[in-house]
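What follows draws every value from the coordinates through simple rules; no lab data is involved. Predicted model only: the values in this text are computed from it and were never measured. Glycine gets a Cβ as well: all are built from the backbone with ideal geometry, and neighbour counts include every protein chain shown.
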2 protein chains.
Amino acid sequence: MKIKYDLIKKEKNTNARCGIIHTNYGSYETPMFMPVGTQATVKTLSKEELKDLNSAIILSNTYHLWLRPGVDVINKCGGLHSFMNFDGPILTDSGGFQVFSLAKNKKKDITEEGVHFKSHIDGTPLFLTPELSIEIQNKLDSDIAMSFDECIPYPADYEYAKNSTLRTLRWAKRGKDVFNNERQSLFGIVQGGEYEDLRRLSAIETVKMDFDGYAIGGTSVGEDKTTMYKMIDYVMPHLPENKPRYLMGVGDPIDIIEGVIRGIDMFDCVLPTRIARHGNAFTNKGKINIKNAKYKYDFTPILDNCDCYTCKNYTKAYIRHLIVANEALGQRLLSIHNVRFLIRLTEDLRECIKNNTLLEYKENFIKNYRGENESSN
Amino acid sequence: MKIKYDLIKKEKNTNARCGIIHTNYGSYETPMFMPVGTQATVKTLSKEELKDLNSAIILSNTYHLWLRPGVDVINKCGGLHSFMNFDGPILTDSGGFQVFSLAKNKKKDITEEGVHFKSHIDGTPLFLTPELSIEIQNKLDSDIAMSFDECIPYPADYEYAKNSTLRTLRWAKRGKDVFNNERQSLFGIVQGGEYEDLRRLSAIETVKMDFDGYAIGGTSVGEDKTTMYKMIDYVMPHLPENKPRYLMGVGDPIDIIEGVIRGIDMFDCVLPTRIARHGNAFTNKGKINIKNAKYKYDFTPILDNCDCYTCKNYTKAYIRHLIVANEALGQRLLSIHNVRFLIRLTEDLRECIKNNTLLEYKENFIKNYRGENESSN
């Protein structure tokens, strides 16, 4: 079935809202954070661990799966759920973002027809079109497919942004026209760069095509926070209330809070698993780097009162040892903690929406979170 | 408490025996396979996964822990169990084997006092003695400590082997004299290289010192199978029946069977987790390499009727994809399967001992196992 979105509660003091997304694999509350399983696996985690984290929808990447193991393998296996043996909802992105960020030597040739580029694995010339992206996603049989778009770089001049935004709209139409999977939903993606009129135009025209949900793309690509929040502000008034709204690629805790305040329902980001691989962990005071010498004898958990498996079982000293010794369990324990941190954040935000206390929560969170930030990845 | 060994049943047609080892953390049947957690973690696996595999004692490495995180860290944390949050029995080896196999540039200087060598991590000059090895192990507070020995290379001439064997006996005495941990047991290690008289001498003299158990060291160091089995044969008649017998570093399935037939109770090896990292999996027909193209569309488990988590949940095609894409979950799934394969092998062997069908089992196993061997690591 197509996903359905039920709006449950609007917060009084902001544009934030609670809702429920009904999927082929159960119903889940929003706002939600979606862990990223780039290559048909959320890095280092099992499906049982994801369930323990109270994870709902997970992401996977059309571009990566197209290259490895190949769509044919997954299709012959009966789709991505069967291939991964995962009985929760899966969203696949269109491959557009990876084409722009990963393509070998960043060389690509964007034409009206599609994008010529080279495989980041072996340099093989590839050509991805809106139709092919949708065809692949139809075959992957994810629960939510995404339109093929161009992620506009930041900064980009107005002419570039305008041409790209208009082309992404044409691509969205082409993709929608060939879309052919009754149990799969299709989301449109709003682009427009940093330009208010382009963001508005993109939102209005995308919504006219009547997708099952709407994403905001092209944020978190190097712009400052103020610009990012403006990009969201330009778009939100034009998105319909009865469809989910998804801010792509955003996983910074404060950005999630700011997004929720503006009415975003869904977030995804590789951040929690990526920083885990560098030894970083989220805490209420900011990110800490577990490799720091001061944790060598620290026999307390990463975060007091954290309900994750890692914090209930292991100390900073042990995790530090595992990360320093390059042991896989260390990355796994930090991934568990970091993903749970963001999912619990969205759980907290849902409570705040229900209680109309979101702005107070934000103020407190930011006061603590900014207090200490040991490292970036 | 010291470990205790109860002999339960001898097999009629071989020297094999079933027993129970009582430890500070429960009682476990022998023969057993002990997974290796070199750096205070069995690579890629959690303690819950180890429990699911029906794992009993695990190994950890004195040399590695001495270097990282440092004995002081583990001691201040209350010992290795507390540091790892592991409530099963742990055996620590003495560091002798690692000194000989890992020391930087393989340069070491063996004196009567101990071994001078360089850290494999950063080249720092180190000096390990029998007393220091025992002192470290006492502080790690493992359940079973091992005597500090020299692992004689293969081949080694008679004079070298004799001098080394005699020195290892003196080291064993020195270590035992300083041993000071009431809840920890201490095993002696029989060396002697390939020489019957030296093996016999080493066994007799080691047993005279009255250890809590006896290990056979210096096998699996490059010698052929016939030589390895002879090394065991030379030693076994001289080991007391009321103490456990441990064949160090052996994890090849057929070697385990041959060891059990000769009366061995305990085995350990990095093999199942190491070959997992190279994409290899044990099957009844031999090792397979999951990266092989023929598994690309193979939607069956690694091993039919295998009771491990991996085989109950995932296909060769999915695991192949994970390994090819270098995803940590792939190594974890293969590690689970491979460790379980060896543990289940020992479970089968215990059944055979109880039923006096060990030789029949061996014949069948070898006939199948030799049938196919796709790859080594």
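Observations, loosely collected:
- Peptide B:308-318 has a mean of 3 when you count, residue by residue, the C-beta atoms of other protein chains within 10 Å of its C-beta.
- CD proxy at 222 nm, helix term only [per DSSP H run n ≥ 4: -39500 (n - 2.57); per residue of chain B; nearest 500]: -12500 deg cm²/dmol
- Simple Cβ-charge dipole of segment B:191-271, Lys/Arg +1 and Asp/Glu -1, about Cα centre, in debye nearest 20: 140 debye
- Length added when fully stretched, A:Asp233-A:Asn54, from 0.36 nm per residue minus Cα-Cα: 61.5 nm
- Dipole of segment A:150-260, positive direction: furthest Cα of A:Asn163, A:Tyr195, A:Gly222, with charges on the beta-carbon: A:Asn163
- Cα centroid separation - segment A:263-329 against segment B:117-193, whole Å: 36 Å
- Nearest-first distances (nm) between copies at A:Pro155, label 7 Å from Cα via Cβ: 7.6
- Cross-linked pairs B:Lys4/B:Lys354; A:Lys173/A:Lys225; A:Lys76/B:Lys287; A:Lys312/B:Lys76: Cα-Cα separations exceed 24 Å for A:Lys173/A:Lys225; A:Lys76/B:Lys287.
- Around the Cα centre of chain B, unit charges on the Cβ atoms of Lys, Arg, Asp and Glu (plus for the first two, minus for the last two) sum to a dipole of about 720 debye.
- Estimated FRET transfer efficiency (A:Asn242, A:Asn163; beta-carbon r; R0 35 Å; 0.05): 0.65
- Segment B:112-118 - phi-based ³J(HN,Hα) in whole Hz, Karplus 6.51/-1.76/1.60, Gly and Pro as x: 4, 5, x, 10, 8, 7, 10
- Label-to-label distances for B:Thr300 across copies, nearest first, come out at 5.5 nm, using points 7 Å from Cα in the beta-carbon direction.
- Inter-chain neighbour count for B:332-341: the average number of beta-carbon atoms from partner chains within 10 Å of each residue's beta-carbon is 1.
- Here each label is just a point 7 Å from Cα along the line to Cβ, and for A:His278 and B:His278 those points are 3.3 nm apart.
- Using all pairs of distinct alpha-carbon atoms, the Kirkwood hydrodynamic radius of chain A works out to 21.1 angstrom.
- Net charge, A:Lys139 excluded, C-beta distance under 11 Å - Lys, Arg +1, Asp, Glu -1: -2
- Förster radius 22 Å - calculated FRET efficiency between A:Asn15 and A:Glu347 (Cβ-Cβ, nearest 0.05): 0.70
- With the alpha-carbon atoms of segment A:92-185 aligned to their principal axes, the span from lowest to highest coordinate is 39, 33, 20 Å, starting with the largest.
- Estimated FRET transfer efficiency when R0 is 51 angstrom, pair B:Arg68-A:Lys208 (beta carbons, to 0.05): 0.25
- Taking 7 Å steps out from each Cα toward its Cβ at A:Asn364 and B:Glu363 produces label points 7.5 nm apart.
- With a 10 Å cut-off around each Cβ of A:319-330, the average count of Cβ atoms from other chains is 6.
- Each copy carries a label point for B:Lys225 at 7 Å from Cα along the beta-carbon vector; from one copy to the others these points are 6.6 nm apart, nearest first.
- Per the axis that maps chain A onto chain B, nearest residue of A (Cβ criterion) and its distance in Å: A:Ala328, 3
- For the protein assembly as shown, the alpha carbon positions stretch 90, 55, 43 Å along the principal axes, listed from largest to smallest.
- Under a model in which nothing but the beta-carbon of Lys, Arg (+1) and Asp, Glu (-1) is charged, the protein assembly as shown shows a dipole of about 200 debye around its Cα centre.
- Sites excluded, trypsin sites (Lys or Arg not before Pro) in DSSP loops with at most 13 other C-beta within 10 Å, longest stretch of chain B: B:184-369
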